[in-house]
Amino acid sequence: MDKKFGVYICTGCGIGESIDTAKLCDLAEEEGLTCKTHSMFCGKEGLDLLKSEVEGGVNTLVLAACSRRVNYDIFRFDGCIVDRVNLREGVVWSHPRAQFPALTEEEKEDEDKFDRVQMMAEDYLRMGMARVERIKLPEPYQLDTLNRKILIIGGGVTGMSAAVDAAKAGYEVTIVEKEATLGGYAAKIRKQLPIKDPYETPIPPIVQSCIDAVEQQSRISVRTNAVVARIAGQPGEFTVTFKKPGEKIEFDVPYPLPEEMMVDESGKELDPETLHQRFMEYNEGRRDILTLDPDGEMFGAVILAAGWRPYEPKKDEFAHLGFGQLPDVVTNHKFEEIAAQGKILRPSDGKEARSVVFIQSPDLESDADFDYAGAVTSLVALKQATYVREDFEDGKSFIFYQHMRTPGLNENFYKKVQQDPGIFMTKGKVAAVSKNGDGMMVEAEDTLLGEKLHVKADMVVLATGMVPLTKDEPVVNMAYRQGPAFRDIDLFNGYVDSNFICFPYETQRTGIYAAGAVRRSMTMEECMEDASGAALKAVQCLESVNRGVSVHPRSGDMTFPDFFFQRCTQCKRCTQECPFGAIDDDAKGTPKPNPTRCRRCGTCMGACPERIINFSDYSIDSIGSMVKAVGVPSEDDYTEPPFRILGLVCENDAYPTLDIAGLNRISYSADVRIIPIRCLGSMNVIWIKDALSQGMDGVFLLGCKHGDDYQCHFVKGSELAEIRVKKIGDALASLALEEERVAQFEVAIDDYPKIPKIINDFVEQIEALGPNPFKGF
Amino acid sequence: MTDKYLVEPDIGFLNEVVGLGGDTLKKCYQCATCSVACPISPDNKPFPRKEMIAASWGLKDRLVGNADVWLCHNCGDCTTLCPRDAKPGDVMAAIRSYAITEYARPKGMAQAVNKINKLPMLLGFPVALIIILGAITGLVNWSPTGEIVHAKFISTWLEDILIIPASIFAVVVFALGLKRFIADIHQNALDAGKTDKEKIDAAEFLKALVRVIPRILKHSKFSQCGENEERATSHMMVFFGFIGLFIVTGIFFVVLYIFGIHGPYSQLNPVKWLANIAGVSLVIGSALMIKNRLAKTDQVSTYKDWQLIGLALALGLTGMLTEMTRLGGAAGLSYTLYFIHLVFVFALFVYLPFSKLAHLVYRTVAMAYAEYSGRKF
């Protein structure tokens, strides 16, 4: 495209009062660009002006006004590149004149005096102009043929609900179920938890109505006695191979080499060809991931609703509770089986169990519930307590809990059960279960009734948890170079990883959505709601792929990573670091990108040492040129030149945080220059080197929290950035620069009050180090 | 504290407490807001949180012989602040009600006093007694003439033949009940770690009782109540009304039997002043109680509550009206009212150990025990 540039400077919202916009215009005109100002570009008159400019042929607009996070829908012009220079939140509001006074007329005469805020505005305008010169309009990535079918793994309540929802939305669905019939666990219980108002009493299982609904939908096909051997390809064109459970076939998914097999005897990394050879030997009898099954079935998106299995206590794991020794101590799963068959009878002698103790937490030392427990196990204990009461008029149920979790309207259920005169609950620790004549004696401590007590029991039920099937095996069996399972980041105890606070249903694999008990222990009601969410995500994925745009979290982003393969050194860093397994590689180690798996975070771009991965509107060059556009005054310009510090800021949380700081007129040093980047994971160290070598005094990265409660939208970005920053320490030392000139900080989106301290402390630290010795070269 | 406590819920007990006005007890989820809110609960093992769970588990042994249920004055602060609407104040009242029945003997009588359908029988009993004894002894003159003197109608001899044994009956029933009650509350305090006294020393216990009496008279605990502050006033009026009338009765008993001076006594007599003031106090106090109970829709009012207030009002009203009609010269009306008054007085004494009024004894003993056992109350 032939770019025709236009610079537009808004003087509204206090910009005009604070900044000399005429000087900004001069700046643009010096570059040979036309520049116009208006007091309110977002108003009708201002917008009409912009539209007439576009009609007049301008297709590359630099709009110096408010943050790009506001009015983005207004300042969108088809076929045009628009850069938003953030004068309002980033300069004027965050640097009020009360704290950063303008130059007086006298001072203006003095050439050694400068106006920090004006300088800031000018730099940002220059950076915006530099950027638009380097970026291109994105063109969508289109698949040759898009498949819109949705594969659902698991035919339980979750899978069936998801299937019905997707079918109702007009999509073809296949359910694959490993057992002979649909239904899953829901088909094996006496009663289930309430699913609608007033949420008070257990109800007969609704599973049959789910099965009926599935059978009524002509768009749903069901494949029982089958599992997924492998899912190859990418969203919109997954090739799926099915097989019978337990069968061994050549399209079983291969597993990545264990780390110790990836190096030679001396610990050196093997070359790509040897690695691939070893990989094929390791996976003997299985085809490589890039070999597509010619008989495979095509799908566009996948929903994983594999569900859970009951926790099986290890031998003697709960010996103090009599499990394994006393036959009448059972898990809640076993108890449900007994209840489903009829009256509650003791396994030992078939006698009626009229006094049943339900134990929610196994430990005396900690207050933890059983592993993989949750609100569901609390609710199930309440439900099972009512079984005893409905079976026997003089039945008694005791519940000893450390946590009684009944979220939402399930509180009504708790209240109702509580009203039963024969159900007794107390917080407390269970110390021991022992034989007592014909029955058992349960000893509890630290209860609400006192320090130690005894209860006689005919049966004891342990509230063991719901283990996600993904704990045992990958289930999805993706033919991805990073491996067949969702990557385990050691935070979710084997549950399918998803950042469930911000993005439920998302896994680390685009186009494959998890729902139900595979994500966390859930009630059937929750599973059904979860299923709807996952079905909608699958639909969103298909329709995004259809338009060639990103699904999540950069929904609608049309760019995708473009590899300049001629210069690729097959270092595999992009393949390994991509948090979403979007990049495979061939036998030679050359990356094979899968654009529809990609989330456009740019981690590959940040990782690539050859800098051959770029996006049309976000590239090594575009950011690099912005860095270079920052004016770095030296002693040649002023006796005491201001410091220049670059801030590379994650645009997901950290950049909004800065905007909110501006909105609240919270100010920070005017010597920093902020560049938003897609994710700290996309930060390429060349930008830091560029900044320092042109004389900037320091660089800081501002991104999301990482660690156990990570907030990175792309899971690992801020962590990867930290590793990269550590590694450039040596390079800095070789330039005789202090490592402290580069730092990384974490913020959450609501941390805006902390912004001044974070930035100003860093600026002070740099000032203490003194100016960059390369300044002025 | 017992090393291990075998929990055996008594669902029958639980259901009875529910029936006595504690129907909300199962709503408790043990947040302990009640124990924090209670203005009079001690810091060590405060009530009513522990009583609430014991009730919802049907643990009769932890409640019936528990002095703490008597330390509660039913202020209602806990009930107002309870986030679950479990009304601990009402539950405590229901437990007390159960405890009164539990300690009273004969059991059948206790149960009868609790039932509204037995009320005609209970009131019919003294009526019949007066008529029959009157007929046998000839101490009732069914057609008295001349100046209105109530002794002409029912002789003071007959009156005392009825009331004195009734009082002795009440004392004996209480004595038997208290013997078990004190043993139980002591055992409960030992089990729960509320006291370090191993045995009950009678002399020390009496000293504690003497220390507690002024507090009861001053209603110093009752007036700490936040929610039901106005109840302290009406309770005090009824309380002192009864005390005043008890003193007056005592003095006139002495005057009659020792000095042989018969009533009616002059209105100028200071004792008569006391009688009138106490009577008015009783009437106004009990009327206020009725008004408060009717206004407080969030508080449970059971038959036993109404029975006691009703009796107090009936006693006061019939007493005052008897006097007024006598002074007004309405002979027939005055004698009739006097008869009714006498029936209520008899009922008061005979049914005292079984009715809610028994709290006068149990609460006093429980407070004395708290004082004795070093429980900071």
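Over all other residues within a Cβ to Cβ distance under 10 Å of A:ASP252, the charged ones net out to +3, with Lys and Arg as +1 and Asp and Glu as -1. Look at where the Cα atoms of region A:565-627 and of region A:383-405 average out, and the two centres are 57 Å apart. When chain B is treated as a Gaussian network with alpha carbon springs shorter than 10 Å, the biggest mean-square fluctuation among B:LEU282, B:LEU308, B:LEU71 belongs to B:LEU308.
Take each residue of peptide A:351-363, count the partner chain Cβ atoms within 10 Å of its Cβ, and average: the result is 0.
In straight-distance terms, cross-link reach from A:LYS4 covers every one of the lysines whose alpha-carbon lies under 19 Å from its own, apart from those fewer than eight places away in the same chain; here that gives A:LYS36, A:LYS51, A:LYS136. An oblate overall shape is assigned to region A:562-614, the ratio a/c of its alpha-carbon gyration tensor axes (a ≥ b ≥ c) being 1.5 or greater and a/b not exceeding b/c. Summing +1 for each Lys or Arg and -1 for each Asp or Glu among the other residues whose beta-carbon sits under 12 angstrom from that of A:ALA748 gives -3. Peptide A:411-419 has a mean shielding of 2, counted as Cβ atoms of other protein chains within 10 Å of each residue's Cβ.
Under the combined filter of DSSP loop state and at most 14 neighbouring Cβ atoms within 10 Å, region B:244-347 retains these chymotrypsin sites (Phe, Trp or Tyr not before Pro): B:PHE259. Taking every DSSP helix (H) stretch of at least 4 residues in chain A, weighting each as -39,500 (n - 2.57) and dividing the sum by the residue count yields a mean residue ellipticity at 222 nm of -8500 deg cm²/dmol.
Across region A:325-458, the mean sequence separation of Cα contacts (distance under 8 Å, 6 or more residues apart), normalised by length, yields a relative contact order of 22 percent. Could you tell me whether region B:20-100 comes out rounded, prolate or oblate from its Cα gyration tensor? Rule is a ≥ b ≥ c as square roots of the eigenvalues, rounded for a/c under 1.5, then prolate if a/b exceeds b/c, otherwise oblate. Judged from the Cα gyration tensor, region B:20-100 comes out rounded (a/c under 1.5). Indicate the helices, whole DSSP H runs only, in chain B that combine a mean Kyte-Doolittle hydropathy of 0.0 or more with a Cα extent along their long axis of 30 angstrom or more. The qualifying helices are B:156-192, B:229-257, B:270-295, B:303-328.
Taking all Cα pairs closer than 8 Å and separated by 6 or more residues, the relative contact order of chain A comes to 13 percent. Distance cut-off 23 Å, Cα to Cα: go down the list B:LYS27/B:LYS296; A:LYS456/B:LYS60; A:LYS705/A:LYS757; B:LYS152/B:LYS356; B:LYS115/B:LYS356 and report the pairs above it. From the list (B:LYS27/B:LYS296; A:LYS456/B:LYS60; A:LYS705/A:LYS757; B:LYS152/B:LYS356; B:LYS115/B:LYS356), the Cα-Cα distance tops 23 Å for B:LYS152/B:LYS356.
Taking a cut-off of 18 Å between Cα atoms, list the aspartates and glutamates near A:LYS396, but don't count ones fewer than 8 places away on the same chain. Straight-distance partners of A:LYS396: A:ASP328, A:GLU336, A:GLU352, A:ASP420, A:ASP438, A:GLU443, A:ASP458, B:GLU8, B:ASP10, B:GLU16.
Among rounded, prolate and oblate, which fits region A:641-742 when a ≥ b ≥ c are the square roots of the eigenvalues of its C-alpha gyration tensor, a/c under 1.5 means rounded, and a/b larger than b/c means prolate? The shape class here is oblate. Highest mobility in the GNM of chain B, judged by mean-square fluctuation with C-alpha springs under 10 Å and restricted to B:LYS87, B:LYS296, B:LYS60, is found for B:LYS296. Pairs over the 25 Å Cα-Cα cut-off, from the set A:LYS471/A:LYS726; A:LYS429/B:LYS194; A:LYS427/B:LYS199; A:LYS435/B:LYS197; B:LYS221/B:LYS304; A:LYS168/A:LYS188: A:LYS471/A:LYS726; A:LYS427/B:LYS199; A:LYS435/B:LYS197; A:LYS168/A:LYS188. Amide H to amide H distances under 5 Å link A:PHE615 with A:ASP562, A:ILE620, where only residues 5 or more positions off or on other chains count and H is placed in the peptide plane. Straight-line cross-link reach from A:LYS588 at under 19 Å between alpha-carbon atoms covers these lysines, not counting any fewer than eight positions away in the same chain: A:LYS268, A:LYS572. Mean residue ellipticity at 222 nm, helices only, chain B: -21500 deg cm²/dmol; runs of at least 4 DSSP H residues each add -39,500 (n - 2.57), and the sum is divided by the number of residues. Can you tell me the relative contact order of chain B? Whole percent, Cα pairs under 8 Å, sequence separation 6 or more. The normalised contact order for chain B reaches 23 percent.
By the Cβ-Cβ criterion of under 4.7 Å, the unpaired cysteines of chain B are B:CYS28, B:CYS31, B:CYS38, B:CYS72, B:CYS82. Of A:SER266, B:SER373, A:SER355, A:SER682, the sequence from fewest to most neighbouring Cβ atoms within 10 angstrom is A:SER266, B:SER373, A:SER355, A:SER682.
For chain A, the longest principal axis of the Cα atoms and the long axis of helix A:44-55 meet at an angle of about 80 degrees. For peptide B:53-61, the mean count of partner chain Cβ atoms within 10 Å of a residue's Cβ comes to 4. Across region A:58-94, the residues whose backbone nitrogen lies under 15 Å from the label position 7 Å along the beta-carbon direction of A:GLU17 are A:88-89, A:92-94.
Read-outs: derived from the displayed coordinates by stated rules, not from any lab. Keep in mind it's a predicted model, so treat the numbers as computed, not measured. Don't worry about glycine lacking a Cβ; one is built from the backbone with ideal geometry, like all the others, and counts go over all protein chains shown.
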